[in-house]
Amino acid sequence: MAHGPFFHPELADDSGLVAVGGDLDPRRLLQAYRAGVFPWYDESIPICWWSPDPRAIFEMDQFHCPRRLQRTMRAGHFRVTVNRAFADVMAGCATRAEGTWITRAMLHAYGELHKLGHAHSVEVWKGEELAGGLYGVTIGGLFAGESMFSRIRDASKVALAATVERLRERGFELFDTQVANDHTRSLGATEIPRAVYLARLRRALRVKSSFA
């Protein structure tokens, strides 16, 4: 990877790979997110930087909250907090039974972003037990969702619904979920061309929003 100041998503290959190598210094991570690029790799390979085409997002006015989930949330079975247990949420995401790409270096790097006010967690509690949650990165009006987990059924969905509500309330413009899968599609994730995503990202970065 070149050590210059910029990422160039328009130079990505057909798989969306932009660059390989570098480090996870918070300044580089923020530079990447501002350019529409994110890291995704595992312990066996160097850091890989991606900007897929198409790009998956949640349109916040089109988020699909199933009726059963609405009933679960109204019933008060769960309690939602923000930024109360960031490290625990990341650890939960990193130890999911289905596997994860969250390396030890990522745990440290995003912990540093959290200290800087750019990485946030949404926690879902069942009593005193951490039942699930999610975390992501914010810059301006961008929320880049990174990962979520559940230890109790529906906990991650509750975290996602609470996140969307918070983003709406606080004037965020773009909820990036990177690559769509069946689970996120069922909740309303959609895909847009990379060029459209980058144009919307530029607008979102000019917005002054606060997740904390």
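When the chain is described by a simple charge dipole with +1 on each Lys and Arg Cβ and -1 on each Asp and Glu Cβ, the residue from V89, A105, P54 located farthest towards its positive end is V89.
Listed from fewest to most Cβ neighbours within 10 Å, the set T95, T138, T100 follows the order T95, T100, T138.
Across the chain, counting alpha-carbon atoms alone, Rg and Dmax equal 16.5, 52 Å.
Projecting the Cα atoms of H118, P26, F7 onto the charge dipole of the chain, computed from C-beta unit charges around the Cα centre, puts H118 farthest toward the positive end. Straight-line cross-link reach from K157 at under 25 Å between alpha-carbon atoms covers these lysines, not counting any fewer than eight positions away in the same chain: K126.
Working note: 222 nm ellipticity from helices only, DSSP H runs with n ≥ 4, each -39,500 (n - 2.57), summed and divided by the residues of the chain, gives -10000 deg cm²/dmol to the nearest 500. For A131, the amide hydrogen comes within under 5 Å of the amide hydrogens of V124, W125, K126, counting only partners 5 or more places away or on other chains and with H modelled in the peptide plane. Ordering H183, H77 from the fewest to the most neighbouring beta carbons within 10 Å gives H183, H77. When D176, D25, D53, D61 are arranged by Cβ crowding within 10 Å, least crowded first, meaning fewest neighbours, the order is D61, D25, D53, D176.
Read-outs throughout are calculated quantities, based only on the coordinates presented, and are distinct from any laboratory measurement. Source: prediction; values computed, not measured. Backbone-built Cβ (ideal geometry, glycine too); neighbour counts: all protein chains shown.
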